[in-house]
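The values are calculated or read from the model by the stated rules, or taken from the named source; none is laboratory data. All of these numbers come straight from a predicted model, not from anything done at the bench. We place every Cβ from the backbone using ideal geometry, glycine too, and count neighbours over all the protein chains shown. Just the protein is used for accessible areas: all its heavy atoms, side chains included, with ligands, DNA and RNA removed. Shrake-Rupley method; radii C 1.70, N 1.55, O 1.52, S 1.80 Å.
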Amino acid sequence: MAAQPAHYKAQRAVFNTIFGLLFLIGSIIYYWAAYRPKVGPVGNGPNDAVIWSNFLYTMIVGGCFFTLGMVGWVVVRSVRAKNGNVSTND
């Protein structure tokens, strides 16, 4: 991948898009699971600062990876259009 970066642009775009979506879905699941009622002592309530910081961090990282993947898709499509290669197989 490091030796031929132009050859793997489409795979990088797919990886970044999937990775970003997994981060976004994971952060939503984490937020949902953090506030579900749990069995235990009354004093063991959720720590809002930790939950929000983790949620926002994973949302930002997921959004960055997703945006990077979408930009990669646009670059791959424009390069293929310039080269006249409109097939989906590399």
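Some points to look at:
- For beta carbons closer than 7 Å, sequence separation of 6+ or different chains, a first residue in the stretch 16-43 that is touching a residue at least 24 places away in the same chain (Cβ under 8 Å) and a second that is open to solvent by 70 Å² or more (accessible area, probe 1.4 Å) and not β-branched (Val, Ile, Thr), the qualifying pairs are Asn16/Leu68; Thr17/Met70.
- Note on the stretch 22-48: residues that are open to solvent by 70 Å² or more (accessible area, probe 1.4 Å) and out of contact with any helix residue (DSSP H, G or I) (no Cβ under 6 Å at 6 or more places or on another chain) total 17.
- Residues satisfying the stated conditions in the stretch 49-72, i.e. open to solvent by 70 Å² or more (accessible area, probe 1.4 Å), of a type outside the set (S, T, N, Q) and within 13 Å of Leu21 (Cβ to Cβ): Cys64, Leu68, Met70
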